[in-house]
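The values are calculated or read from the model by the stated rules, or taken from the named source; none is laboratory data. What you see is a predicted model, and the numbers here were worked out from it, not measured in a lab. Virtual Cβ from ideal backbone geometry, glycine too; neighbours counted across all protein chains shown.
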Amino acid sequence: MLRLATPNILLCAAIPLLAVPAEAKDRESVVYDFGRTTDDGTFPQDGLIPDGAGNLYGTTLGGGSFGKGAIFVMTLDGAEHVVYSFSGAPNDGDEPNAALAIDSKGILYGTTMAGGSAGAGVVFQFDPAHGQEQILHNFCQVDCSDGNSPIAPVTVGKKGVLYGTTVLGGLGAAQANSGVAFRLDPPGKHGTAWTETVLYNFCNQTSCADGKNPSAARLLLTPSGELYGTAQAGQQGGTLYALSASGGGFQLLHVFTTGGSNDGVSPKSGVIADKSGALYGTTSAGGLHGCGTAYSYDPSSFVYQSLYSFCSQDGDPTTIYGGLTLIQNKRGTTLYGTGLAGGSFGHGAIFSLTPAAPGAPWDEHALYSFCPRTDCKDGSQPVFATLLNVQGALYGVTDAGGAHGDGVVYRYGKK
């Protein structure tokens, strides 16, 4: 099993000390410890999705009956069971790295970064009502022009069309094997096969100015049919881009710059939108202290703004791989997220961001630092997992820690 590399543990020591509120230390609780049984899932990488009936679904990179990863379901109180175990190549996927997507009928969709007929990953669907899994597309069928290694979730669009990216493959004019954005159309009235179309080949511009290696993040699909996403590398430090869901229309929105600025580099997460259409995201590195940033982009005015540089305060999280969760209410706008490393103990942290004075850095608070004890039973290293807001509490996963060292599902805030 290929497990994504974990960065060196980094304790963030910088400018003034910001103490974690005392009450916050008691607001994280483990809902489920992975690895309780021999066929349980292990090492969850990405976030959870609700099914509308009070259940949460997710994937694990390892474990399951064949050690190739699993799909699990659990209640909010932690009653969990594996509903599907991947068996690997050539007939099934292997290593589901990404979160699931769900359609209006309750059918789940996802990707595995390995397995399939060519060993280059698959897109699959799973019907929870009947316990049936089906492979919709095997990547790298001929020359990998269709993509290779999907590490990101898919997005469900109108008429059941799926949108996603692969981190490798493709026929970029400047450099092949730099990844693609794709759409997957359901079978026609009398057909049985899904049809994959490459929407864009990355590294299609000189020196990969358009970006390469799309991030392990879900594409944001707007009601007007635009797709927003990020690429983790390129001529400089990655890109923020837009695509037409119908094909073509690539637009480069921002190039993350290297070399002494307050801009971030290497975005591992995608973007989310607020009610006005403004986009928010994070970078895993760069910024004033090299620990990553949070940023905003306004598509209507084309204005990009760096909101916060991590490691500006002691106890800050670092290595921000996960996406942001937005909560807007009468009290204003708050962004929540996690860092894979940093925090008070070097094993990651949950943070919040709120607006400050116009033009000033946003206010950031490290809400909870993982692994206050050496056994890390509360979890350690939240990787790509975007937090899920359920009934006023935030649910997430960690890749490590817990009672068995195989990761946890945790809850932060009220039950």
Taking the options H137, H130, name whichever one is surrounded by fewer than 22 Cβ atoms within 10 Å (Cβ to Cβ) and either of a type in the set (D, E) or modelled with pLDDT of 95 or more (or both).
H130
Screening G234, G191 for residues that are over 26 Å from H289 (Cβ atoms), modelled with pLDDT under 95 and not hydroxyl-bearing (S, T, Y) leaves only G191
Only one residue in G286, G270, G238 is crowded, with 19+ Cβ neighbours inside 10 Å, touching a Lys or Arg at 6+ places or on another chain (Cβ under 7 Å) and under 22 Å from V167 (Cα atoms), so which one is that?
G270
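Checking the condition farther than 22 Å from A99 by Cα, in contact (Cβ under 8 Å) with a residue 12 or more places away in the chain, in a loop (DSSP other than H, G, I, E, B) and touching a Ser or Thr at 6+ places or on another chain (Cβ under 7 Å), which residue from C376, C371 passes?
C371
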Please go through the range 277-292 and give me each residue that is under 16 Å from the mean Cα position of the chain (by Cα) and of a type outside the set (A, V, I, L, M), ordered by number.
Y280, G281, T282, T283, S284, G292
Pick out the one residue from S344, S301, S309 that is out of contact with any Gly (no Cβ under 9 Å at 6 or more places or on another chain) and either of a type outside the set (S, T, N, Q) or farther than 21 Å from V390 by Cβ (or both).
S301
Is it the case that F124 is modelled with pLDDT of 95 or more and under 19 Å from the mean Cα position of the chain (by Cα)?
yes
Strands (runs of 3 or more DSSP E) within the range 99-188 that include 2 or more residues in contact with a Leu (Cβ under 8 Å, 6 or more places away or on another chain) and among the hydroxyl-bearing types (S, T, Y)
162-166
Looking at the range 344-367, is at least one residue of a type in the set (A, V, I, L, M, F, W, C), closer than 19 Å to M74 by Cα, modelled with pLDDT of 95 or more and crowded, with 22+ Cβ neighbours inside 10 Å?
no
Given the options V198, V180, name the one that is under 20 Å from the mean Cα position of the chain (by Cα) and either β-branched (V, I, T) or at pLDDT below 95 (or both).
V180
Among (1) surrounded by 21 or more Cβ atoms within 10 Å (Cβ to Cβ); (2) under 20 Å from the mean Cα position of the chain (by Cα) - the single one I102 does not satisfy:
(1)
Which one of the conditions (1) farther than 20 Å from T293 by Cβ; (2) of a type in the set (G, A, S); (3) more than 16 Å from the chain's Cα centre (by Cα); (4) surrounded by 24 or more Cβ atoms within 10 Å (Cβ to Cβ) does G405 fail to meet, given that it meets all the rest?
(4)
Condition check for G41: buried (at least 24 other Cβ atoms within 10 Å of the Cβ), farther than 24 Å from C144 by Cβ and out of contact with any His (no Cβ under 6 Å at 6 or more places or on another chain):
yes
Residues V123, V83: which one is in contact with a strand residue (DSSP E or B) (Cβ under 6 Å, 6 or more places away or on another chain), touching a residue at least 40 places away in the same chain (Cβ under 8 Å) and farther than 18 Å from R218 by Cβ?
V83
List pairs: first in the range 281-300 and of a type in the set (D, E), second part of a loop (DSSP other than H, G, I, E, B), Cβ under 7 Å, 6+ apart or cross-chain?
D298/A278
G281 fails exactly one of (1) more than 17 Å from L326 (Cβ to Cβ); (2) part of a strand (DSSP E or B), namely (1)
Take the residues in the range 44-95 that are hydroxyl-bearing (S, T, Y) and surrounded by fewer than 17 Cβ atoms within 10 Å (Cβ to Cβ); name whichever of them is nearest to H137 (Cα to Cα).
S65
Residue identified as among the small types (G, A, S) and more than 24 Å from G58 (Cα to Cα) among A173, A181
A173
What number of residues within the range 4-38 are surrounded by fewer than 18 Cβ atoms within 10 Å (Cβ to Cβ), at pLDDT 95 or above and outside any loop (DSSP other than H, G, I, E, B)?
2
T165 being among the polar types (S, T, N, Q), buried (at least 16 other Cβ atoms within 10 Å of the Cβ), touching a strand residue (DSSP E or B) at 6+ places or on another chain (Cβ under 7 Å) and within 19 Å of E226 (Cβ to Cβ):
yes
